[in-house]
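The values are calculated or read from the model by the stated rules, or taken from the named source; none is laboratory data. Since we're looking at a predicted model, the values are computed, not measured. Every residue, glycine among them, receives a Cβ derived from its backbone with ideal geometry; neighbour counts consider all protein chains shown. Just the protein is used for accessible areas: all its heavy atoms, side chains included, with ligands, DNA and RNA removed. Shrake-Rupley method; radii C 1.70, N 1.55, O 1.52, S 1.80 Å.
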Number of protein chains: 2
Amino acid sequence: MTIETETGSPEAPPKTRLHVDEPLAAGATVGLDHERAHYLRHVLRLDRGDRVALFNGRDGEWSARIDGFGKGWCSLAVDRQRRPQAPEPDLWLLFAPIKRTRIDFVAEKAAELGASVVWPVLTRHTDVARVNVDRLRANAIEAAEQCERLTVPDLREPAKLDQVTRDWSSDRTILLCAEAGPVKPIAAAVAGLKPGPVAILTGPEGGFAKDELDGLLKLPFVVPVGLGPRILRADTAALAALACWQALAGDWATGGADARPPFRSQEPG
Amino acid sequence: MTIETETGSPEAPPKTRLHVDEPLAAGATVGLDHERAHYLRHVLRLDRGDRVALFNGRDGEWSARIDGFGKGWCSLAVDRQRRPQAPEPDLWLLFAPIKRTRIDFVAEKAAELGASVVWPVLTRHTDVARVNVDRLRANAIEAAEQCERLTVPDLREPAKLDQVTRDWSSDRTILLCAEAGPVKPIAAAVAGLKPGPVAILTGPEGGFAKDELDGLLKLPFVVPVGLGPRILRADTAALAALACWQALAGDWATGGADARPPFRSQEPG
């Protein structure tokens, strides 16, 4: 399969898509570390001349050609921009950390669902002692690479909930996913928001402590929202709230599939 | 913690919640199998006199007292109804099966998100040879028990997509989660639906085949919907679409948290 590039010449589509830190521009060279070089060469079985798409969260998405492979290194020649950098939804996810598989899942899904910041917050009933932020970040980056976003979520170091809300910038609304208390259905709550940045906040499996919830409800920037009559697990609540916000107020509300360049074929081979 | 029961006397809340097949009514006796008896006795460390909530999808939710334990059995005396059976959303999920952890996850989340039918459908690019329906059903039942719904999803045997659509009852709209083609943002599509039953259909990781998609788009009951500019994994798409439909047209749109009896305390102990 061939696609038309920006300059009109036929060109094979990139075989994969990677996030890098380096600046991207025509003529730039990007070196990959050992792990990624191995992945391209021995897992994907790419070769010199094969193309890879690159993004760094600042310079848009670029096409690069593999121009050298060695033991533990790979060098890429950046030549053409595939997409300019574009604004993305300003949507944070604050979540009380949960156990291993489920927390990995939250990081992955938050990246796919377009969260710009992913922030573990420690609540009273949080029973997870240590959060491996590097692992979460790796999951989020991998998901961002696969889902074709132009940024990766900013994965923050865990912080205590009361500290986070004390330092909060009050122009960012917190949609509090609460199982109890006076909640508004999420669709109605999102429809009633003034335009502006939003954070979704979900509690641990045991829920928020009573006084924690009371304290949150007193904050002027907190809007408690309901996710229906069933009790959702913490990971389900986070994902559901992200999806609802994107559908109603985010970048799902305005089409979007056509804004993507061809990347993966739907046909095998 | 004590709660007021329907008759006004103080009573300890149930320690857990189980789905059973037997009829539930005041005076009924329900026997549990070996595995569940073991779970109550040795995992939850319950004793004679402790209470368990039961539901069967037909008779509402009942409170039952453990009145006998033995090696591999447990007998429960059903006495009081906690909630009458109530209508639930008529929302099906048809999904192309995906690999192990992710398919378990879909079954669990579909139950939490209120799917009434969960149906694996085999598409051209489905690369999963065998679907363990019993395992999916067990995951869905466990999730239904935990999320406090009054039914469990009907987990159907896998069927071929073309067979499923050939036998389709045309009054049920299929919301087709498509990565390509003429899609409407999901919020606009759901808002534009005539009232009636709905099924969400998601494809395999490789997407639908071109002619499969063309065939689906020709069916009068199929509405293609878009889930934003990022490419979602199959499991993410299924859950996001379920959440959006519930928020916009299902039982999340009308409050709901107050309809639940007290069950789990938010405080430890």
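A point 7 Å from Cα along Cα→Cβ stands in for B:Pro182, and the other copies hold the same point at 4.7 nm, listed in rising order. A simple spin-label model places pseudo-atoms 7 Å from Cα toward Cβ; at A:Asp21 and A:Glu35 they are separated by 1.3 nm. Chain B comes nearest to the axis taking it onto chain A at the Cβ of one residue; that residue and its distance, in whole Å, are B:Ala243, 2.
With respect to chain A, whose longest principal axis is taken over its alpha-carbon atoms, helix A:100-112 is tilted by about 70°.
Distances, shortest first, from the label point of A:Asp79 to those at the same position in the other copies read 8.1 nm; the point lies 7 Å along Cα to C-beta.
Considering helices alone, the calculated mean residue ellipticity of chain A at 222 nm is -7500 deg cm²/dmol, with DSSP H runs of length four and up weighted by -39500 (n - 2.57) and normalised per residue.
Any chance you could run the full-extension gain for A:Asp162 through A:Asp211? It's 0.36 nm times the residue separation minus the Cα-Cα distance, nm to one decimal. Show your work: numbers first, answer last.
Working: separation 49, 0.36 × 49 = 17.64 nm, distance 1.14 nm.
In short, 16.5 nm is gained.
Please check: in the Gaussian network model of chain A (C-alpha springs, under 10 Å), which one of A:Pro204, A:Pro23, A:Pro153 has the largest mean-square fluctuation. Most flexible of the set in this elastic network: A:Pro23. Against chain A, whose longest principal axis is taken from its Cα atoms, helix A:133-147 shows a tilt of about 60°.
As a quick test, which of the pairs B:Lys99/B:Lys210; B:Lys71/B:Lys109; A:Lys194/B:Lys184; A:Lys194/B:Lys99 have an alpha carbon distance above 31 angstrom in this structure? Pairs exceeding the cut-off: B:Lys71/B:Lys109; A:Lys194/B:Lys99. Taking 7 Å steps out from each Cα toward its Cβ at B:Val133 and A:Asp79 produces label points 5.3 nm apart. Taking every DSSP beta bridge with both residues inside the protein assembly as shown, roughly what % is antiparallel (nearest 5)? Bridges in the protein assembly as shown are about 45 percent antiparallel.
When A:Trp168 is represented by a point 7 angstrom out along its Cα-to-C-beta vector, the spacings to that point in the other copies are 4.4 nm, nearest first.
Please report the carbon-and-sulfur percent of the accessible area for the stretch A:64-191; probe 1.4 Å, protein heavy atoms only, DNA, RNA and ligands left out. Let's see the in-between values first.
Working: 2690 of 5330 Å².
About 51 percent, which is the carbon plus sulfur part of the accessible surface.
Could you tell me which of rounded, prolate or oblate describes the stretch B:3-85, using a ≥ b ≥ c as the square roots of the eigenvalues of the alpha-carbon gyration tensor, with rounded for a/c under 1.5 and, failing that, prolate when a/b is larger than b/c and oblate otherwise? Kindly include the intermediate steps, with their values, before the conclusion.
Working: a/c = 1.97, a/b = 1.35, b/c = 1.46.
Verdict is oblate for the stretch B:3-85.
Distant-in-sequence amide contacts of B:Val222, defined by a placed amide H-H separation under 5 Å and a gap of 5 or more residues or a different chain, comprise B:Ile174.
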